[in-house]
1. Can you name the residue in the stretch 61-82 that is among the basic types (Lys, Arg) and outside any helix (DSSP H, G or I) and, of all such residues, is least open to solvent (accessible area, probe 1.4 Å)?
2. Would you mention how many residues in the stretch 3-17 are open to solvent by 60 Å² or more (accessible area, probe 1.4 Å) and not charged (D, E, K, R)?
3. Residues that are more than 14 Å from Ser3 (Cβ to Cβ), out of contact with any strand residue (DSSP E or B) (no Cβ under 6 Å at 6 or more places or on another chain) and buried (at least 16 other Cβ atoms within 10 Å of the Cβ): does the stretch 18-30 have at least one?
4. Return a yes/no flag: does the stretch 49-59 have any residue that is in contact with a Leu (Cβ under 7 Å, 6 or more places away or on another chain) and open to solvent by 40 Å² or more (accessible area, probe 1.4 Å).
5. Write out, first by first residue and then by second, each pair whose Cβ atoms fall under 9 Å of each other, whose residues are 6+ apart or on separate chains, and whose first residue, in the stretch 33-57, is at positive phi while the second is part of a loop (DSSP other than H, G, I, E, B) and surrounded by 15 or more Cβ atoms within 10 Å (Cβ to Cβ).
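The values are calculated or read from the model by the stated rules, or taken from the named source; none is laboratory data. Since this is a predicted model, take the numbers as computed values, not measurements. Cβ placement follows ideal geometry from the backbone for every residue including glycine, while neighbour counts extend to all protein chains displayed. With ligands, DNA and RNA removed, areas are computed over all heavy atoms of the protein, side chains included. Shrake-Rupley method; radii C 1.70, N 1.55, O 1.52, S 1.80 Å.
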Amino acid sequence: MGSSISDDQIALIEKNFARVVLMLDGDSAGRHGTAVIAGTLASKLEVSVVDLPRGKQPDQMKSSEIRALVADHVSRSASLER
């Protein structure tokens with residue numbers, strides 16, 4: 001998907017999901033893409049973001065590192081909902 005989202009991708013997400021979690025690269029393009037995509041989707045469904053460490057890309061991370069980031073995100077989200 002890169003750091004952008006197509007209208008077809010938006011339509012598929014809207015059709016199949018009520019919420020989405022974004023996890024794009026931790027570089028400036030990924031952070032910009034996250035903001036743009038989140039802004040585009042926010043009026044259509046619930047959006048949250050897993051922030052990667054600066055300069056990191058998911059494909060450069062160990063699966064254990066990604067699981068830890070997602071677990072932390074889920075934990076923080078659950079705390080906010082209470």
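1. Of the stretch 61-82, the ones among the basic types (Lys, Arg) are 62, 67, 76, 82.
Still in the running and outside any helix (DSSP H, G or I): 62, 82.
Values: Lys62: 139, Arg82: 217 Å².
Taking the candidates together, the pick is Lys62.
2. Going through the stretch 3-17, the residues open to solvent by 60 Å² or more (accessible area, probe 1.4 Å) turn out to be 4, 7-9, 12, 14-17.
After this cut, where a residue has to be not charged (D, E, K, R) as well, the list is 4, 9, 12, 16-17.
So the answer is 5.
3. Narrowing the stretch 18-30 to residues more than 14 Å from Ser3 (Cβ to Cβ): 18-21.
Remaining after also requiring out of contact with any strand residue (DSSP E or B) (no Cβ under 6 Å at 6 or more places or on another chain): 18.
Then keep just the ones that are buried (at least 16 other Cβ atoms within 10 Å of the Cβ); that gives none.
No, the stretch 18-30 contains no residue that is more than 14 Å from Ser3 (Cβ to Cβ), out of contact with any strand residue (DSSP E or B) (no Cβ under 6 Å at 6 or more places or on another chain) and buried (at least 16 other Cβ atoms within 10 Å of the Cβ).
4. Yes, some residue in the stretch 49-59 is in contact with a Leu (Cβ under 7 Å, 6 or more places away or on another chain) and open to solvent by 40 Å² or more (accessible area, probe 1.4 Å).
5. Partner pairs satisfying both residue conditions: Gly55/Asp25; Gly55/Gly26; Gly55/Asp27.
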